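Right, one structure below, let's go through it.
The values are calculated or read from the model by the stated rules, or taken from the named source; none is laboratory data. Everything numeric in this text was worked out from a predicted model, so none of it was measured. Glycine gets a Cβ as well: all are built from the backbone with ideal geometry, and neighbour counts include every protein chain shown.
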Amino acid sequence: MTQNWQQLAEGYQDQYLADLKALIAIPSVRDDDNATDQYPLGEGPAKALQQFLAFGERDGFVTKNLDNLAGYIEYGEGDETLAILSHVDVMPAGAGWDTDPFQLTVKDGIAYGRGTSDDKGPGLAAYYGLKMLKDANIKPNIKIRLILGTDEESQWTGMTHYFEVEPAPTFGFSPDAEFPLINGEKGMASFITTFGTTNGGDVELVSFDSGLRENMVPRDAEATLKTTNAEAISEQFETFVAANEIEGESELSADGINLHVVGKAAHGMEPRNGVNSGTYLATFLNQLGLQGDANSFVSFIADKLHDDSRANKLGTNYTDDIMGDLTMNVGIMKFDQEAGGFINTNFRYPKGIGPKEIMAALEKAVTALNGSVKQISEKVPHYVDPQDPIVQTLINVYREQTGIADAEPEVVGGGTYGRLMKRGVAFGALFPWTEDSMHQANEFQPVADLTKAMAIYGQAIHDLALQ
């Protein structure tokens with residue numbers, strides 16, 4: 001019997017939104033400062049995992065919680081396993097929201113809230129795709145597992161734990177990117193550059209703070225200066241703000257001035273979609289004649305990192321015909337007079353270049369500034385042949401459900417759980433016609449898009465599990 005997947009999905013829309021509301025209400029940001037044996041990544045991610053698994057229990061699925069680090073919802077039996085890899089953790093909300101980020105708000109057909117786009121909304125849409133099969137009593141030929149991680153936005157501890165204690169899936173997809181389909185993901189490497197604490201001069205940098213996560217373009221940046229020239233600096237800052245695509249304000253203090261810059265947050269995989277408040281603020285400070293390590297900190301950011309997402313100034317710019325450009329995000333920048341300077345840079349790189357070349361370029365750039373560099377993470381590039389049956393099946397489902405006959409697989413700079421499987425891809429749920437609001441204030445997804453994603457996932461799971 002041929003299913004009308006769109007009609008089925010529309011019938012589940014109200015229940016889907018009720019479940020999404022419950023998930024959005026849990027601020028599931030990884031919180032190492034409050035980690036316990038019961039909540040190894042903090043209470044929020046564990047509570048979100050438990051809530052998602054409770055949906056599965058309610059609906060009659062087999063479920064399992066793996067130490068509050070990961071879990072799964074299972075349907076069907078067989079030697080092969082189709083995996084759907086999603087995550088319940090979210091990025092910090094940050095500032096700039098027009099609504100409560102942890103309360104699902106639906107206005108004019110748009111659902112707002114942290115996680116609506118990344119990845120609670122899409123993950124739940126995939127769950128409802130699986131639920132539609134079960135409710136229709138469609139029996140798959142293989143085992144299907146919706147696997148949930150709890151820290152995809154940071155260290156992947158949860159999903160790593162899953163692969164340590166459970167058998168690896170045969171193939172699968174992650175509903176944590178965009179449509180039509182992602183069959184290639186760039187490599188990722190992060191580095192920390194540090195500077196000392198020396199300071200002084202007519203303008204002294206007391207503190208600098210910008211950024212929440214390495215894979216997020218910072219919206220806000222603040223600096224405190226000790227100086228007797230506060231009024232003149234305030235006027236200079238006002239001119240600088242007016243000449244650039246930022247907002248800013250200054251506040252005089254008893255012994256200096258406080259500066260605040262507002263840019264635009266964005267996902268770190270494409271820094272051009274954001275406006276980096278931290279690199280702008282460092283560029284302004286670089287005009288003030290700071291001394292010592294404080295000067296090295298701001299000049300490195302201003303001269304080598306600012307407004308250069310392709311790392312041309314470092315000399316690591318590189319483009320691959322299949323995977324595209326190397327990109328660089330400057331995600332976290334901090335300085336204080338006790339700890340010194342700290343800069344976290346996150347690179348997304350195609351085949352043909354790697355962390356060794358990036359490390360060498362960073363070291364060369366900071367040698368004269370008495371800085372030091374170390375690499376802290378790496379994920380190698382991932383690519384699935386476009387002719388692989390999972391790619392062909394999913395792209396055909398997308399074409400059928402949307403009517404876009406010329407849709408083709410893509411390669412992106414984002415990193416999803418799909419890369420954990422040799423035959424793993426990313427599949428939705430952001431449509432080409434919808435703005436990408438992941439990692440930004442006022443994160444959203446149109447309700448119609450989420451419902452369409454449910455229909456696509458329903459047919460996709462059906463076609464993969466019954467072929």
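Here is how the numbers come out for the structure above:
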{"quantity": "When residues of the range 345-384 are limited to those that are in contact with a Pro (Cβ under 8 Å, 6 or more places away or on another chain) and outside any strand (DSSP E or B), the one surrounded by the most Cβ atoms within 10 Å (Cβ to Cβ)", "calculated": "350"}
{"quantity": "Among residues of the range 299-322, those that are more than 23 Å from the chain's Cα centre (by Cα), of a type in the set (D, E, K, R) and closer than 18 Å to residue 217 by Cβ, counted", "calculated": "2"}
{"quantity": "Those residues of the range 1-54 which are among the β-branched types (Val, Ile, Thr) and farther than 18 Å from residue 115 by Cα, in sequence order", "calculated": "2, 36"}
{"quantity": "Candidates 276, 258 - the one that is under 25 Å from residue 233 (Cα atoms) and without any contact (Cβ under 8 Å) to a residue 40 or more places away in the chain", "calculated": "258"}
{"quantity": "Matching residues in the range 121-172 - criterion: being at positive phi and under 18 Å from the mean Cα position of the chain (by Cα)", "calculated": "156"}
{"quantity": "The range 321-354 - residue that is of a type in the set (Asp, Glu) and modelled with pLDDT of 95 or more and, of those, nearest to residue 211 (Cα to Cα)", "calculated": "336"}
{"quantity": "When residues of the range 253-289 are limited to those that are among the aliphatic types (A, V, I, L, M), in contact with a helix residue (DSSP H, G or I) (Cβ under 6 Å, 6 or more places away or on another chain) and not in a strand (DSSP E or B), the one surrounded by the fewest Cβ atoms within 10 Å (Cβ to Cβ)", "calculated": "285"}
{"quantity": "Test set (1) among the polar types (S, T, N, Q); (2) within 17 Å of residue 343 (Cβ to Cβ); (3) touching a residue at least 40 places away in the same chain (Cβ under 8 Å) - residue 291 fails condition number", "calculated": "(2)"}
{"quantity": "Residue in the range 29-50 that is closer than 14 Å to residue 130 by Cα, in contact with a Phe, Trp or Tyr (Cβ under 9 Å, 6 or more places away or on another chain) and modelled with pLDDT of 95 or more present", "calculated": "no"}
{"quantity": "Check on residue 357, charged (D, E, K, R) and either touching a Cys at 6+ places or on another chain (Cβ under 8 Å) or within 22 Å of residue 206 (Cβ to Cβ) (or both)", "calculated": "no"}
{"quantity": "Wholly within the range 137-252, strands (runs of 3 or more DSSP E) carrying at least 2 residues that are touching a residue at least 12 places away in the same chain (Cβ under 8 Å) and of a type in the set (A, V, I, L, M)", "calculated": "143-149, 187-195, 203-210, 220-227"}
